[in-house]
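Here's the structure, in structure tokens; my notes come after.
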Amino acid sequence: MVTVVSAVALVGLEASRVVVEATHSQGLPGTRIVGLPDTAVREAAERIRSAARRSGLGWPEDRVTLNLAPAALRKSGAGFDLPMALAVLGATGKVPREALVDLWAVGELGLDGTVRPVPGILPMAAAARDAGARLLLVASAAAVEASLVEGLEVVPVDSLAEAAAVLQGEQAARDVVATPAVVTSGAPDLADVRGQTVARRAVEVAAAGGHHLLLSGPPGCGKSMLAERMAGVLPPLSMDEALEVAAIHSVAGVRAPDAPLSLVPPFRSPHHTTSAPGLVGGGSGVGRPGELSLAHRGILFLDELLEMPRWVLDALRQPLESGHVRIVRTQAAVAFPADVLLVAATNPCPCGNLGSTSQACRCAPDRVERYRSRLSGPLSDRIDLQVELRPVDPDRLVGPGDGEPTAAVAARVAAARAVAAERWGPGTLNRSVPPAAVRATCHAGAVRALASAVEQLALSARSFDRALRVARTIADLAGDATVSTDHVDEAVAYRLATRLAAT
Ligand SMILES: [Zn+2]
């Protein structure tokens, strides 16, 4: 007699059903696991036998065979422990077979029978719900995350003994205590930033249109302060977007499984020494999401951009264009979403003092040129807004902040995004609208003015399209239906750093 429990295999963000079948038959004692298991799954034999025995549930003295189907799908990780143990307990009659009908389970077992959470519970629970699961058994620590998926009964268990007791009907299933979603970022307020009128305006335009932003300036002028405050300016995520972001963080193992759902757009600021898999994604197996995907639907802040290795700058280009990262491995190719708003910061030169009125720059001109040329044409072309920050006037450094608060800026950003969404469709930002569509909303004189500015500054064709989109956002912030020459002038001013970098 074969007993069946459903489990979940995770490849990237894709969760699919795995049917765990257990039998025991006469033969030499031993446990065999078949169906393309990886090392961790093969090693489960030891864990589940020890867990069952130490939980007082016993283990067959004869031959146990566990089959994971479909066989073509690679099974990795320790999340198959609990469903495999339950399937065997069904085969030995320790758990009634009818209790296993449409039962799904995910969890790692300790040798003493403790059930532990595994990464990726959220997409796994969604797959269980979509496949019509009756019950999903998970570790208590993962129950809050699993219960974010609506329409699924989640049963938290601390041990294999508790799982068996619940399925035997000897113990009532515990309720999952849901926590309300988090809606405010807790990010510091823009009111703290002194001066920097131009950069503050660029932050607002970037947030309104989803445009990538480069802040260049000497140390201490407030680049990081501005970037950190930008998350509070973005509108909150919808429920679906928040679940998508949480799923990515869950698979990457960076999300506490008992954390509430957050509607706050993510803000990630990896160090400039972050490894390739850390930034782009990858690592062992089919790989985990990197910082680019952890910042999906939020902000990726790269401080000291020009200190980053060349490959990092090159690796950014494709995801900034397509909104996803593709990781190719021998076993499989996976794609992770990476629709980010890039905010980058850099010193104007290697010593940082170029342009400073109080400190002298010690860099040779050719060194400055080499440094700036690392912001290669193709990457620079993708950064719509580039602003130079000057050091803050020392007189303004004392006393309370004199800036406009985050809430006021966020309200204008939300209004401009609403106008764009009405024009282009829900969720569409000016950043990603085809150039011809944007041009159709521009005054002919404005397009001519932009064309001549692009020619004068020797900017690329891509820069033309990007500046036009920025001008569209500036017009939206002003509540103007048509893009005028004034809007174009401001947009072109944000491209000046490109010219500086190129010369
Ligand atoms: Zn310098």
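The values are calculated or read from the model by the stated rules, or taken from the named source; none is laboratory data. It should be emphasised that the depicted structure is a prediction, and the values quoted were computed from it without experimental measurement. Methodologically, a virtual Cβ is constructed for each residue, glycine included, from the backbone with ideal geometry; neighbour enumeration extends over all protein chains shown.
Observations on the model:
- Qualifying residue in segment 254-261 (condition: without any contact (Cβ under 8 Å) to a residue 40 or more places away in the chain and either outside any loop (DSSP other than H, G, I, E, B) or surrounded by fewer than 21 Cβ atoms within 10 Å (Cβ to Cβ) (or both)): yes
- Members of segment 302-313 found to be out of contact with any strand residue (DSSP E or B) (no Cβ under 9 Å at 6 or more places or on another chain) and closer than 16 Å to LEU214 by Cα, listed by number: LEU313
- Screening ALA85 with (1) modelled with pLDDT of 95 or more; (2) surrounded by fewer than 24 Cβ atoms within 10 Å (Cβ to Cβ) gives one miss only, at (2).
- Within segment 431-454, considering residues that are free of Cβ contacts under 8 Å to residues at least 12 places away in the same chain and not in a helix (DSSP H, G or I), the one surrounded by the fewest Cβ atoms within 10 Å (Cβ to Cβ): ALA440
- Filter result (over 12 Å from GLU21 (Cβ atoms) and out of contact with any Asp or Glu (no Cβ under 9 Å at 6 or more places or on another chain)) within segment 61-79: GLU61, ASP62, ARG63, ALA72, LEU73
- The lone exception for SER293 - which of (1) assigned to a loop (DSSP other than H, G, I, E, B); (2) buried (at least 22 other Cβ atoms within 10 Å of the Cβ); (3) small (Gly, Ala, Ser) it fails: (1)
- Scanning segment 356-379 for residues that are surrounded by 18 or more Cβ atoms within 10 Å (Cβ to Cβ) and at pLDDT below 80, we see that the one that is farthest from the ligand (Cβ to nearest atom) is LEU379.
- Segment 327-355, subset closer than 30 Å to GLU241 by Cα, touching a helix residue (DSSP H, G or I) at 6+ places or on another chain (Cβ under 9 Å) and not in a strand (DSSP E or B), residue nearest to the ligand (Cβ to nearest atom): VAL340
- From the list PRO348, PRO337, the lone residue that is crowded, with 16+ Cβ neighbours inside 10 Å and more than 22 Å from HIS249 (Cα to Cα) is PRO348.
- Any pair with Cβ under 6 angstrom, 6 or more apart, that starts in segment 270-284 at a residue that is in the same structural domain as HIS324 (by TED's automatic domain parsing) and in a loop (DSSP other than H, G, I, E, B) and ends at one that is surrounded by fewer than 17 Cβ atoms within 10 Å (Cβ to Cβ) and modelled with pLDDT under 85: GLY283/PRO277
- Any hit, segment 329-337, residues being aromatic (Phe, Trp, Tyr) and modelled with pLDDT of 90 or more: yes
- Residues of segment 155-206 satisfying the condition of being more than 30 Å from LEU300 (Cβ to Cβ), surrounded by 15 or more Cβ atoms within 10 Å (Cβ to Cβ) and touching a helix residue (DSSP H, G or I) at 6+ places or on another chain (Cβ under 7 Å): VAL155, PRO156, VAL157, ASP158, LEU160, ALA163, ALA164, LEU167, ALA173, VAL176
One line per residue, one yes/no per condition, for (1) touching a strand residue (DSSP E or B) at 6+ places or on another chain (Cβ under 6 Å); (2) of a type in the set (Lys, Arg); (3) closer than 30 Å to VAL233 by Cα; (4) modelled with pLDDT of 95 or more:
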site: ASP102; (1), (2), (3), (4): no, no, no, no
site: GLU145; (1), (2), (3), (4): no, no, yes, no
site: VAL149; (1), (2), (3), (4): no, no, yes, no
site: ALA161; (1), (2), (3), (4): no, no, no, yes
site: ASP175; (1), (2), (3), (4): no, no, no, no
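- Look at (1) at pLDDT 85 or above; (2) within 13 Å of the ligand (Cβ to nearest atom) and you find that ASP384 fails only one, number (2).
- Test: residue in segment 387-408 that is buried (at least 18 other Cβ atoms within 10 Å of the Cβ), assigned to a loop (DSSP other than H, G, I, E, B) and touching a strand residue (DSSP E or B) at 6+ places or on another chain (Cβ under 9 Å): yes
- Listed by first and then second residue, the pairs with beta-carbon distance under 6 Å, at least 6 apart or on different chains, first residue in segment 408-419 and farther than 14 Å from ALA206 by Cα and modelled with pLDDT of 95 or more, second in a helix (DSSP H, G or I) and among the charged types (D, E, K, R), are VAL419/ASP476.
- From the options MET84, MET1, residue that is assigned to a loop (DSSP other than H, G, I, E, B) and either in contact with a Cys (Cβ under 6 Å, 6 or more places away or on another chain) or farther than 28 Å from GLU244 by Cβ (or both): MET1
- Filtered residues of segment 17-59 (kept if polar (S, T, N, Q), part of a strand (DSSP E or B) and exposed (fewer than 14 other Cβ atoms within 10 Å of the Cβ)): SER25
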